[in-house]
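The values are calculated or read from the model by the stated rules, or taken from the named source; none is laboratory data. Because the structure is a prediction, the values reported are computed rather than measured. Quick reminder, even Gly has a Cβ in these numbers, built from the backbone with ideal geometry, and neighbours come from all protein chains shown. For the accessible areas, the whole protein counts, side chains as well, though only heavy atoms, and no ligand, DNA or RNA atoms are used. Shrake-Rupley method; radii C 1.70, N 1.55, O 1.52, S 1.80 Å.
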2 protein chains.
Amino acid sequence: MPKKLIKQNARERILDVSEKLFANGSFASVSVRSVTATAGVNLSAVNYYFGSKQGLFQAVYIRRATQMNHERLHMLHETEQKARDEGREVTLRELISALLTPPIFWLCDVRPGFSVYIRFLARAYLEEASDMDHVLRQEVDVFDRFVPFFQQVKPDLGVEDIYWRIHFTMGVMHHTISHLHRISLLSHKACKIDTAAQTRDRLVEFCCDGF
Amino acid sequence: MPKKLIKQNARERILDVSEKLFANGSFASVSVRSVTATAGVNLSAVNYYFGSKQGLFQAVYIRRATQMNHERLHMLHETEQKARDEGREVTLRELISALLTPPIFWLCDVRPGFSVYIRFLARAYLEEASDMDHVLRQEVDVFDRFVPFFQQVKPDLGVEDIYWRIHFTMGVMHHTISHLHRISLLSHKACKIDTAAQTRDRLVEFCCDGF
DNA sequence: AACTGTTTAAAACATACGTTTAGAATGATG
DNA sequence: CATCATTCTAAACGTATGTTTTAAACAGTT
């Protein structure tokens, strides 16, 4: 009985462990054996639950992707509502904040896994073996919902420019997430690692002005 | 005689091939066998010339790193000179341009390998297995040369802010380089892939305003 | 208690990996 | 031509890989 509580679901534990390992190393560098070993399950469990290593990787992605993008859209919706209530238009800062806040906050989230997942995501973008174009697809849909608002805020920009700048914005974020520890080395320890909110604010400010 | 010309140096050809393979896949996903096979050399050539797979990876990095950073410093120096001649201070746009132009131009360089190397670099940043902190070290030195100029241009910013924004700037660039093909997917084909100069200008503009 | 579907276990499979070794080919130098 | 270090080749080594297989353990139901 307590055994069940301690061990949790084997499937879930595999996901937790591989999320962490995939966040720190490439797909190829993480072996199924290292996953099952640190998860404390049998080697064949991965193939049993997920069919293959690839299946595991995609399962790790899918588990939290929907929630992530939902939070972004929710934040966009709230922002829109608030602006309407106050009889004004949505600001650029609010838009970019809605794009960046969820991932950045997840990055420093205390809920286990959330922080790791963001780093997993940033790395997954570079994996071509795992059909990551499909992964991007879901984000593309989210961005499409943002585009009209960006056009509204910056009417002088063409759609093309909007997409480029969204692209850039995501770039800063991914890079910041992936190389968060490097800012210390880069600045000769001058920069401490900020809190989530501070990092978010720095990012938003940079991207706002860039936009 | 022509054989020598066709085959070139085996060592060099291994570097060329692995530069390309490492640019498209992670360190672990590229096998020594795939390198030697596509290079048309014997399997043991990698260990003969570079000692190990790791040694090969670092050799790929080192081959062009110095030149890359030298070009940046050279561009900074030219910029400084020009500004002095005209009796004015260096502009922010010039500084960022000196940081970004070399890699972006390499990205679209016709000289074989230069384009690939940039993508190799962007990917190498994520490899922790290959002691990439040492790789970063050389870039850090370059950035340190830029910092005083940034302070001069933006005297209201602290050193900390400067480093963060350099960090962000590099982030946009790396992301743009790594995911250049994705802008088309992201924008539903609205964005064509620009020329090097256009991409550079977009980037510089974004980063300038962000700074 | 017997049956049933699900989960776990241990072992084996076939292949791919990085590296090493021993020797042949090569090419310049005496 | 003989000598020598350098370069290349083929084969093997030992290990690690993802996956499959076969059977045991388990949990819930009748």
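Conditions (1) under 17 Å from B:PRO112 (Cβ atoms); (2) among the β-branched types (Val, Ile, Thr); (3) surrounded by 15 or more Cβ atoms within 10 Å (Cβ to Cβ), marked per residue:
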site: B:ASN9; (1), (2), (3): yes, no, no
site: B:LEU21; (1), (2), (3): yes, no, yes
site: B:SER26; (1), (2), (3): no, no, yes
site: B:GLY40; (1), (2), (3): yes, no, no
site: B:TYR48; (1), (2), (3): no, no, no
site: B:LYS53; (1), (2), (3): no, no, yes
site: B:TYR61; (1), (2), (3): no, no, yes
site: B:GLN67; (1), (2), (3): yes, no, no
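Just one of the numbered conditions (1) away from every other protein chain (no Cβ under 11 Å); (2) within 14 Å of the chain's Cα centre (by Cα) is not true of A:LYS154: (2). Applying the set (1) over 17 Å from the mean Cα position of the chain (by Cα); (2) open to solvent by 20 Å² or more (accessible area, probe 1.4 Å); (3) away from chain B (no Cβ under 12 Å) to A:ASP109 leaves exactly one unmet item: (1).
Are any residues in segment B:13-60 within 15 Å of DNA strand D (Cβ to nearest atom) and charged (D, E, K, R), and if so, which ones? Scanning segment B:13-60 gives B:ARG13, B:ASP16, B:ARG33, B:LYS53. Of the residues making up segment A:175-185, those that are assigned to a helix (DSSP H, G or I) and closer than 16 Å to B:ALA124 by Cβ are A:HIS175, A:SER178, A:ARG182, A:LEU185. Residues in segment B:29-47 that are near DNA strand C (Cβ under 7 Å from one of its atoms) and out of contact with any helix residue (DSSP H, G or I) (no Cβ under 6 Å at 6 or more places or on another chain): B:SER31, B:ARG33, B:SER34, B:SER44, B:ASN47. With respect to the stated conditions, A:THR199 is modelled with pLDDT under 85 and either more than 7 Å from every other protein chain (Cβ to nearest Cβ) or open to solvent by 50 Å² or more (accessible area, probe 1.4 Å) (or both).
Suppose we filter segment A:28-38 for residues that are in contact (Cβ under 8 Å) with a residue 12 or more places away in the chain and surrounded by fewer than 15 Cβ atoms within 10 Å (Cβ to Cβ); how many remain?
Counting residues in segment A:28-38 that are in contact (Cβ under 8 Å) with a residue 12 or more places away in the chain and surrounded by fewer than 15 Cβ atoms within 10 Å (Cβ to Cβ) gives 1.
Within segment B:175-196, being among the β-branched types (Val, Ile, Thr) and either surrounded by 19 or more Cβ atoms within 10 Å (Cβ to Cβ) or modelled with pLDDT of 80 or more (or both) holds for B:THR176, B:ILE177, B:ILE183. Residues in segment A:48-57 that are more than 13 Å from DNA strand C (Cβ to nearest atom) and part of a helix (DSSP H, G or I): A:LYS53, A:GLN54, A:GLY55, A:LEU56, A:PHE57. Pairing each residue of segment A:134-151 that is closer than 15 Å to A:LEU73 by Cβ with any residue that is β-branched (Val, Ile, Thr), provided the two are 6+ apart or on different chains, yields C-beta distances under 6 Å for A:PHE143/A:ILE166; A:VAL147/A:ILE162; A:PHE149/A:VAL90; A:PHE150/A:ILE162. Of all residues in segment B:172-196, those satisfying the criterion of being farther than 19 Å from B:CYS108 by Cα and facing chain A (nearest Cβ under 7 Å) are B:LEU185, B:LEU186, B:SER187, B:ALA190. Determine whether segment B:84-96 contains at least one residue that is touching a Leu at 6+ places or on another chain (Cβ under 6 Å) and either part of a helix (DSSP H, G or I) or surrounded by fewer than 19 Cβ atoms within 10 Å (Cβ to Cβ) (or both). The answer is no, given that none of the residues of segment B:84-96 is touching a Leu at 6+ places or on another chain (Cβ under 6 Å) and either part of a helix (DSSP H, G or I) or surrounded by fewer than 19 Cβ atoms within 10 Å (Cβ to Cβ) (or both).
Scanning segment B:184-199 for residues that are out of contact with any Asp or Glu (no Cβ under 9 Å at 6 or more places or on another chain) and either closer than 22 Å to A:LEU203 by Cα or among the β-branched types (Val, Ile, Thr) (or both) yields a total of 3.
A count restricted to segment A:132-174 and to residues that are under 28 Å from A:ARG64 (Cβ atoms) and open to solvent by less than 60 Å² (accessible area, probe 1.4 Å) stands at 25.
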